[in-house]
Structure formats: C-alpha cells, structure tokens
1. Do you know which residues across the stretch 145-178 are surrounded by fewer than 16 Cβ atoms within 10 Å (Cβ to Cβ) and closer than 19 Å to residue 211 by Cα?
2. Can you name the strands (runs of 3 or more DSSP E) wholly within the stretch 181-272 that have at least 3 residues being over 29 Å from the mean Cα position of the chain (by Cα), surrounded by 14 or more Cβ atoms within 10 Å (Cβ to Cβ) and in contact (Cβ under 8 Å) with a residue 12 or more places away in the chain?
3. Enumerate the pairs (first residue in the stretch 165-179 and assigned by TED's automatic domain parsing to the domain that holds residue 223; second residue anywhere and buried (at least 24 other Cβ atoms within 10 Å of the Cβ) and not in a strand (DSSP E or B)) with beta-carbon separation below 6 Å, excluding pairs fewer than 6 apart on the same chain, so at least 6 apart or on different chains.
4. I'm trying to understand the selection: among the residues of the stretch 110-124, which are surrounded by 19 or more Cβ atoms within 10 Å (Cβ to Cβ), part of a helix (DSSP H, G or I) and out of contact with any strand residue (DSSP E or B) (no Cβ under 6 Å at 6 or more places or on another chain)?
5. Can you say whether residue 130 is in the same structural domain as residue 33 (by TED's automatic domain parsing) and modelled with pLDDT of 90 or more, as far as the supplied structure shows?
6. Regarding residue 313, is this residue in contact (Cβ under 8 Å) with a residue 12 or more places away in the chain, crowded, with 18+ Cβ neighbours inside 10 Å and part of a strand (DSSP E or B)?
C-alpha cells in the first residue's frame, strides 16, 4: 500500500443550506458512476451530507462533484490528511449529524463502504479508513452517552408535530414515499398516537408493502389531492427530483370543505431534494417543517461533556490512523529485509545438507522473527514519525535498493532474496 494524502470534499448541513445541498443529492447510479470514474474513492451520502473521499489534495474530487451537481462551489468544504480521517470518524460517531448521536449514520457509512467495494473503488488505505470509522462509531456509542436516549430525526419530527398540533392522539396521518428514514418516522408518529394512517407511493407495490409493515392502509397515488385534504399530518420522503407538493396543490387541499374541520396542517418534508415547494410556508393554516427546521429543534440535546468525551476518542483514533498510514512507507524496506535474510538462511540450510530441512527452516524462521522484531518495530515507528533517515540507514546497512528490493551480492543459492 502506498502512502498518500487522503482528502474529502463535500457539503453538509453545517456548510450549506438545504437548497444548496439538494444539488448534491445524487442517485445511486450517479454515485456508482462517480466512484468508477474516480478509480479510488468513497462516497458518503445521507439526507444531510454528500461527501467524496479519495487520494490527492481534493482538487480532482471537487471537480467531479461540481460536474455531477452542475452547480457552484457554494457550501463545499475540503479536509486533507489527518483532518479528513478525523472528519469521517466524527461522522460515523454521530458528532457531525444534524441530531447529535443519531443512530442511522453507522448504517449509512456501511452502505457507502459496500457501494465502493461493489465498483472496486476501495484500495487498502481507504478500506482501512472506513473500517476504522465504523469501529470508532461503535466505540463512541459504547464508551460515552452519545446516542443514549437522545432524539433521532424521527423523534424530533414527532416532537415538533406534537407541539404544533397540541398532541397527536386521533390525528390523521398521510405518508408519501418509502425508505428507511421515512419508515422509522412514520412508525414513530404512529406510535405517538397518530391514527387513520394512509400510505401512498407512485409504485403501488411499495405502498402496499410499507402499509403492511406499519399497520396502515395503502392508497393510490392518483388520490393524493383527496388524501391531502383529509390529513392533519403529511410526512413525505420520496426520491422525486423536484417538488410535487406545490403551493397551488396544497392550497386546493386546504380549500376542500372536509379540511375545515382541522385547525392546522403539518407537513414534514425529510426528502432531499425536497418534495414540498418552499412557498407552501406562506399558506395560512399550514406549518411546513424540513430538515433544516428539524436541525434547529434537535441541536441542543447533548451535554458539552458528552461531546468532549466523544471528540477525544475521535481525535485519538485519527492520530492513530495517520501514524499507521505513515508507517506504510517502511513496509517495502521491512519486506525486503525479511526476504534477503530468509534467502540467505535458505541457502545456508541447503548448503549444510544435514538434518531435517523442514525442521531447520522452522527453526530458522523463528530465530529470524526474534532477531528482526526490534529492528522492524523501529523502522515502523521511524516511518510513522517521518524519520526517513532511519529507513535510508537500514537500506544502506543491509544493501537494499530504494524500492525495497534487495541488491544482488553474488551469493549462489539466493534468488534475489526469495527462498
């Protein structure tokens, strides 16, 4: 594995408003294409972030993201080296989530790893990075209070709806869409008292499946206007590329006589891109809540002490990863040293022609490991601290070339250091 600088380029709820993040809400096919074009890369995409990791200073990653988004640089961030590793570890730990400690992010990082592996975009360094990120995420949740009893996006959305409506008991809910986050939010709202739950989707089979899972009824998407007029709460989370709940459509639903029985309509839009036009907020009797609204409601649920403890773990693990990556520069020298000594050992065993050759080789390997353990450890430590002189000295002392291959010394029975 070759040492290189890891960079991450992306947008998140911390750097860009929802309107800007929507441009980077890539479909799975676009994500796979970006990874395939990058050759080596990892893409983490959630409703609140789109991040592309890869080798280099980030310039090429930025170019690819902007080309796919067909937009401006507004809201983009770049982290390099240890800062990039620290960022991914913080993401996996839930420290960079809209709702601190929310549990869904670990699964989303796992999905990112699976997508990258599927197209062959993970090299040894990025694979190690994402595996360590998952370990950090689990460790933070195990060793700190982050995520314990704290609100997730579904819980925050439910709390907002309850406060706006003065309670959810008996409230009629319409869920438009599918997906894990929408599923969890619909379940949470229903568990809090929402009744007469209807599910609709452009794909009838998907609506039927979800309705069965959460104990609701499936309705045809063609009946959307009627369903809007009957609902007190609308939860929407689709993969539509543009808003389909326009001001005009919602206004028509509010004008239906049956809608007059309700005092307010709450629309919760957790889709990216958004399903609901922003100007729906202007309609009387309608309260629109999107992901940026949920962020404001759920941002103060974690104590500073908990955040500090979690960040200490992230910082330590980021430094450890950086040291591991730096130590990779010692690997060619260490392997060459092992190969050279093993070759000499094999030649000498063959030359003796006495005893059991396999027993002698086993003895020799054990002796070799004991003799080289300390030097190899010093080489790794030196590489991790940037001490190139130690590696150079080892190459000079043992006659190794700079690429780590042993120099030929004219000894018979040694095949370039390979036994």
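1. 170
2. The qualifying strands (runs of 3 or more DSSP E) are 195-201.
3. 168/194; 171/194; 172/231; 173/189; 173/194; 174/231; 175/186
4. Across the stretch 110-124, the qualifying residues are 113, 115.
5. yes
6. Details: in contact (Cβ under 8 Å) with a residue 12 or more places away in the chain: yes; crowded, with 18+ Cβ neighbours inside 10 Å: yes; part of a strand (DSSP E or B): no.
Here the answer is no, as residue 313 does not meet what is asked.
A quick yes/no check of all residues on (1) closer than 30 Å to residue 312 by Cβ; (2) at pLDDT below 95; (3) outside the structural domain of residue 134 (by TED's automatic domain parsing):
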position	(1), (2), (3)
19	no, yes, no
28	no, yes, no
33	no, yes, no
47	yes, yes, no
53	yes, no, no
57	yes, yes, no
68	no, yes, no
84	yes, no, no
94	yes, yes, no
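The values are calculated or read from the model by the stated rules, or taken from the named source; none is laboratory data. Here the structure is a predicted model, which is why all the values come from computation and not from measurement. Cβ sites come from the backbone with ideal geometry, for glycine too, and all protein chains shown count toward neighbours.
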